[in-house]
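Undergrad: Dumping the structure here so I can ask a few things about it.
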Amino acid sequence: MTAPSTAIKKLHHDIDTLRKKMISVGKNKGLSHPETLMYSEELDKLIYKVQRSKLIH
């Protein structure tokens, strides 16, 4: 197994950061608030990128 590339490490960092923001906004403004949903959609996109990169390699 090879070590994750720098790009994948950055994606994991970005996912963690975005998840924390989404949880915070969700707690404060509600799970159906547009800002929470925006973070959720962005998080989905980043997770998809990581999953896709694993399929390619």
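The values are calculated or read from the model by the stated rules, or taken from the named source; none is laboratory data. On a predicted model such as this, the values are computed, not experimentally measured, just so you know. Glycine gets a Cβ as well: all are built from the backbone with ideal geometry, and neighbour counts include every protein chain shown. Protein only, heavy atoms only, side chains kept; ligands, DNA and RNA dropped before computing areas. Shrake-Rupley method; radii C 1.70, N 1.55, O 1.52, S 1.80 Å.
Undergrad: For labels at Ser40 and Asp14 in the simple 7 Å Cα→Cβ model, what's the distance in nm?
TA: 2.1
Undergrad: Under a Cβ-only charge scheme (Lys and Arg +1, Asp and Glu -1), can you give me the dipole magnitude of the chain about the Cα centre, in debye to the nearest 20?
TA: Values: 11 positive and 6 negative charges, 31 e Å.
Here the chain has a charge dipole of around 140 debye.
Undergrad: In Å³ and rounded to a whole number, note down the convex hull volume per residue for the Cα atoms of the chain.
TA: On the way: hull volume 4.1 nm³, N = 57.
Hull volume normalised by residue count: 71 Å³.
Undergrad: On the accessible surface of the chain, probed at 1.4 Å, how many percent belong to carbon and sulfur atoms? Please report the intermediate quantities before stating the final value.
TA: Details: 2840 of 4730 Å².
The nonpolar share, carbon plus sulfur, comes to 60 percent.
Undergrad: For Ile23 and Tyr48 in the same chain, what is the full-extension length gain: residue separation times 0.36 nm, less their Cα-Cα distance, in nm? Numbers along the way, then the final one.
TA: Values: separation 25, 0.36 × 25 = 9.00 nm, distance 1.91 nm.
Going from the current span to full extension adds 7.1 nm.
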